[in-house]
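Below: the structure, in structure tokens.
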Amino acid sequence: MRQPKDVFRKLSRTFTSWLRLRIQGDDRLGFKRNLHRLPRQADTLASIEIDWLKTCGIQGIILDLDNTIVSEDDRYLSPRAQEWITQAKLAGLQFFILSNGKRRYRVKFWSHHLDIPSLSPAKKPFPPAFRHAMAHMQLRAKHVVVIGDSLHTDFVGAWLCGCSYIQVATLPHPPRWWEKLAGKWVQQPYPPGHEIWEFDVTKYR
């Protein structure tokens with residue numbers, strides 16, 4: 001009899017293979033290619049070219065918080081993320097934060113600090129939160145890109161709602177139980193030796 005862990009790993013591999021085919025726009029499965037020609041992966045938020053987003057018709061960004069902007073244990077920050085967000089706003093892009101985090105006070109802190117509306121817990125990948133964000137920005141799905149670190153929440157939610165998606169490398173953080181089993185299939189590890197900022201909360205008050 002197979003052990004539960006073996007069954008879970010097999011299911012995870014199957015699901016992740018499907019996701020990767022989907023993100024690559026595999027025509028064999030009848031999926032459309034990324035019409036926006038956006039990058040599918042990036043090391044950090046700040047490495048995504050704002051002009052490229054605008055050229056591709058993007059007007060709004062649904063942004064993940066945990067391990068995309070700040071590590072969920074509040075130890076690390078994505079380098080130059082706040083500066084990038086400021087520049088993107090000046091370029092005319094709108095933002096909305098969707099977080100599955102249950103610590104609402106923490107999401108409120110970042111929402112206020114970055115001056116970006118937010119919803120938490122968002123219950124990603126289910127569509128209602130994504131639709132709420134698009135309605136708030138008054139934008140159609142084809143003009144919105146979802147940026148986050150996890151395929152199973154951010155990407156699946158984007159796909160269900162017809163948005164584009166860019167996966168950034170997940171910031172270092174203590175792995176949760178499911179990440180020990182399936183994290184390598186749904187998250188992009190942070191590049192070894194890549195610049196990373198320590199988070200000092202006193203600088204952000």
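Only the coordinates and a few stated rules stand behind these numbers; no lab work does. Since the structure is predicted, the reported quantities are computational estimates derived from the model, not experimental observations. Here the Cβ positions follow ideal geometry from the backbone for every residue, glycine too, while neighbour counts run over all protein chains shown.
Potential lengthening of the chain between Asp43 and Lys123 amounts to 26.3 nm, from the contour at 0.36 nm per residue minus the alpha-carbon distance.
In a fully extended conformation the segment linking Asp51 and Leu90 would gain 12.9 nm over its present Cα-Cα distance, using 0.36 nm per residue. Can you give the net charge of the other residues whose Cβ lies under 15 Å from the Cβ of His194, counting K and R as +1 and D and E as -1? Residues close to His194 contribute a combined charge of -3. The loop-placed GluC sites (Glu not before Pro) in region 36-101, going by DSSP, that have at most 14 neighbouring Cβ atoms within 10 Å of their Cβ come out as Glu49. Neighbours of Arg106, meaning other residues whose beta-carbon lies under 10 angstrom from its beta-carbon, give a summed charge of +1 when Lys and Arg score +1 and Asp and Glu score -1.
On the basis of the beta-carbon distance and an R0 of 35 Å, Gln138 and Gln188 show a calculated FRET efficiency of 0.65.
Remark on Gln188: its backbone amide H falls under 5 Å from those of Thr170, a criterion applied only to residues 5 or more positions apart or on other chains, H modelled at 1.01 Å from N.
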